[in-house]
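See structure below.
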Amino acid sequence: MKPLPPSPDPILEESFSPREFRDALGQFATGVTIITARSGAGQPVGITVSSFNSLSLAPPLVLWSLGLAASSLPVFQQCGHYAVHVLAATQKPLAELFARKGADRFAHAEYYDSGHGVPLLQGCMAIFECRNLKHFSEGDHEVFVGRVEQCEHHGHRTPLLYHGGQMHTKGL
């Protein structure tokens, strides 16, 4: 079978507004995560993210993205390791805290350090400790690919869900 020739990539004007696009994307329910790392100066850094997915089982890879305007972007671009925390429904206040600009996030979070010094939050559904394998800019976000080196899960907990621009602690 012959491969298809590459299609031209013309600049098209969308038939929908950015708000309509965002609202349509909001119909896809996702889990809520917090991504943590340490800055080069040793400060813990974390941010709430709903754009997290599995990428590969062998090797174990995950991906997530962060807006190019995020103040923590340089930390995640430069760190060697980070952790992805899949949040439980009981952690909605923590998700809101880590989503707020200017908040002292780690002053109100229970955490301990991984072997690589990455802050690991307690009480999560799952934690993926990742090596920062690669990252690249696409559109208005930076896409990160992480090689999972350690993981744990607690399936008996109820997940925190994100749908329609809101976090939900019970099923949709």
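Below is a table of values for the structure above.
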| item | result |
| --- | --- |
| Probe 1.4 Å, protein heavy atoms only - accessible area per residue of the chain in square angstrom | 63 Å² |
| Accessible surface of the stretch 55-152 [probe 1.4 Å, protein heavy atoms]: carbon and sulfur percent | 53 percent |
| Under 5 Å, built H, 5+ apart or other chain: amide partners of Ser114 | Leu120 |
| Under Karplus coefficients 6.51, -1.76 and 1.60, residue-wise ³J(HN,Hα) of the stretch 162-169 in Hz, glycine/proline x | 10, 8, x, x, 9, 8, 10, 9 |
| Per-residue HN-Hα couplings for the stretch 76-84 [Karplus 6.51, -1.76, 1.60; θ = phi - 60°; Hz; x = Gly/Pro] | 5, 5, 9, 6, x, 9, 8, 10, 9 |
| Extension gain, Gln43 back to Leu25 (0.36 nm per residue minus Cα-Cα distance, nm) | 3.2 nm |
| Residues whose placed amide H lies under 5 Å from that of Leu55, excluding near-sequence neighbours | Leu61, Val62, Leu63 |
| All-pairs Cα distance distribution in the chain, expressed in whole percent, bin size 5 Å | 1, 8, 16, 19, 20, 15, 9, 5, 4, 2, 1, 0 |
| DSSP loop chymotrypsin sites (Phe, Trp or Tyr not before Pro) with at most 13 other Cβ within 10 Å: longest gap in the chain | 29-172 |
| C-alpha center-to-center spacing [the stretch 145-160, the stretch 75-107] in angstrom | 15 Å |
| Lysine pairs within the chain, Cα separation less than 27 Å, 8 or more sequence positions apart or different chains | 4 |
| Using θ = phi - 60° and Karplus 6.51 cos²θ - 1.76 cosθ + 1.60, couplings along the stretch 132-143 (whole Hz; Gly, Pro as x) | 6, 6, 6, 8, 7, 8, 8, x, 9, 10, 9, 9 |
| Candidates per GluC sites (Glu not before Pro) in the stretch 57-149, loop by DSSP, up to 16 other Cβ within 10 Å | Glu110 |
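The values are calculated or read from the model by the stated rules, or taken from the named source; none is laboratory data. All values reported here derive from a predicted model rather than from experimental measurement. All Cβ positions, even for glycine, are placed from backbone atoms using ideal geometry, and neighbour counts span all protein chains on display. Side chains included, ligands, DNA and RNA excluded: accessible areas come from the protein's heavy atoms. Shrake-Rupley method; radii C 1.70, N 1.55, O 1.52, S 1.80 Å.
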